[in-house]
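Where a number appears in this text, it was derived from the coordinates with a stated rule and is not lab data. The structure displayed is predicted, hence computed values, not measured ones. Here Cβ is always computed from backbone atoms with ideal geometry, including for glycine, and neighbour counts include all displayed protein chains.
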């Protein structure tokens, strides 16, 4: 936040954006927000000052956008200019995803990135010695032990892939899931088997949350370290650190119950996955941990970071939400 954007503290001579006679409401930090909300089949708009989803019958559902980290818009959702502007002002990331979140198409940016943070991140990513230090830190944070010495990034990527494969197999055995391998088709959600659909649904929740935190902290989603060449490479890097303690166990647990025909898991596995992810995010305190974890992994590069700053989240003007990860249909 620049000096010109800071609240005037209620001074009547403050900026024109201040509320008359009083200071603007304080922003809700991302660590104190609910995680993600999936929306489908409706028009997002601002009506009578409220951020609402209007379904085909004209029924309005108010969305507490200022208390959310991320809104995931599935096919069948339309959004007005006023709604997009309000989401940006309240610091809620809007992500356009495929069916059940299997693919991320685009995202809006809440607030603005800081150039010093971007330059710091880019310097770490462009220097091979600094980059591998960051990758090793990510490896240690993800698996709980140090990465093997004298390995290139490509070798560490291969070692990581082998460990991830074994972890999937272990979770499948633990939850009684019929499991072959991690396979999915980005353009066709229904083509994957049930466990893979559950995993895609769960990781979409985590990716949206991770991207919201990255943008709020002033970094670039595209500048990754282990993952490269994608628009959200750093999102995948950050999400992978938390994946196996949060969304992967939830996805396998729901898939196992759904395969055995246990209701309501068999009738609505994707909805159960979203709710399980919500509960996991709460239990692990994930929103409070992501930004400090980003700072920790980047600090492993060993160069001076930019000075600390408050999270770049704009003013929130609506009440806190209940925190449910929902699905409007």
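Quick grid of which residues meet (1) within 23 Å of the chain's Cα centre (by Cα); (2) surrounded by 12 or more Cβ atoms within 10 Å (Cβ to Cβ):
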{"site": "153", "(1), (2)": "no, yes"}
{"site": "166", "(1), (2)": "no, no"}
{"site": "174", "(1), (2)": "no, yes"}
{"site": "179", "(1), (2)": "no, yes"}
{"site": "183", "(1), (2)": "yes, no"}
Checklist entry - Is there a residue in the range 47-55 that is surrounded by fewer than 20 Cβ atoms within 10 Å (Cβ to Cβ) and closer than 18 Å to residue 107 by Cβ? => result no
Item to check | Every residue from the range 232-268 that is without any contact (Cβ under 8 Å) to a residue 24 or more places away in the chain and under 24 Å from residue 134 (Cα atoms) | outcome: 233
Checklist entry - Failed condition for residue 136, given (1) closer than 30 Å to residue 71 by Cβ; (2) surrounded by 13 or more Cβ atoms within 10 Å (Cβ to Cβ); (3) in contact (Cβ under 8 Å) with a residue 40 or more places away in the chain, with all others met? => result (1)
